[in-house]
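Some notes on the structure that comes next.
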Amino acid sequence: MNRKDLETLQKHFSDDKKFFKDGYYRLRDIGSMHYELAFLEAGPCGDTTVHPQITIDAAENVIVPIKLLDMATSPTLRLTQEEHTDELNEALEGLVQRFYSVIE
């Protein structure tokens, strides 16, 4: 993910989750140039579950994934940049492609 990707996604997604063909999508500004990019699955009682949610740091020219949370897996998946750099980068690229697939 790069700055252009972030700017493109910000034009289509916001803090409010938006339903597309396969689930809910959200790009939340959490302050200090940090964002949460999340795909949410609908639950049986009107709830939603992040699958996954990735927090990114956009303060520099390079977008850096900081952490991942996936509540739809068992056990729950929690990854941090310090311990799982490659996995986070791969998960972020996959999630960005998923977002692009619903706006193209």
*Residue list for the range 30-50, restricted to those being in a loop (DSSP other than H, G, I, E, B) and among the hydrophobic types (A, V, I, L, M, F, W, C)*: M33, C45
*Within the set of pairs 6+ apart or on separate chains, which have a first residue in the range 9-38 that is closer than 12 Å to L95 by Cα, a second that is in a loop (DSSP other than H, G, I, E, B) and among the aliphatic types (A, V, I, L, M), and C-beta atoms under 9 Å apart?*
L9/M1; L37/M1
*Residues in the range 1-24 that are exposed (fewer than 15 other Cβ atoms within 10 Å of the Cβ) and either basic (K, R) or in a strand (DSSP E or B) (or both): how many?*
7
_Looking at L27, L95, L88 in this structure, which one is assigned to a strand (DSSP E or B) and either on the phi > 0 side of the Ramachandran plot or among the hydrophobic types (A, V, I, L, M, F, W, C) (or both)?_
L27
*Out of curiosity, is T73 over 11 Å from the mean Cα position of the chain (by Cα) and either modelled with pLDDT of 95 or more or not in a strand (DSSP E or B) (or both)?*
yes
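Here's the yes/no breakdown for (1) out of contact with any helix residue (DSSP H, G or I) (no Cβ under 9 Å at 6 or more places or on another chain); (2) in contact (Cβ under 8 Å) with a residue 24 or more places away in the chain; (3) surrounded by 15 or more Cβ atoms within 10 Å (Cβ to Cβ); (4) of a type in the set (F, W, Y):
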| residue | (1), (2), (3), (4) |
| --- | --- |
| T49 | yes, no, yes, no |
| T55 | yes, yes, yes, no |
| V62 | no, yes, no, no |
| E83 | yes, no, no, no |
*In this structure, is R78 farther than 18 Å from K4 by Cα and either surrounded by 11 or more Cβ atoms within 10 Å (Cβ to Cβ) or not aromatic (F, W, Y) (or both)?*
yes
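The values are calculated or read from the model by the stated rules, or taken from the named source; none is laboratory data. Keep in mind it's a predicted model, so treat the numbers as computed, not measured. Reconstructed Cβ throughout: ideal geometry from the backbone, glycine too, with neighbour counts over all protein chains shown.
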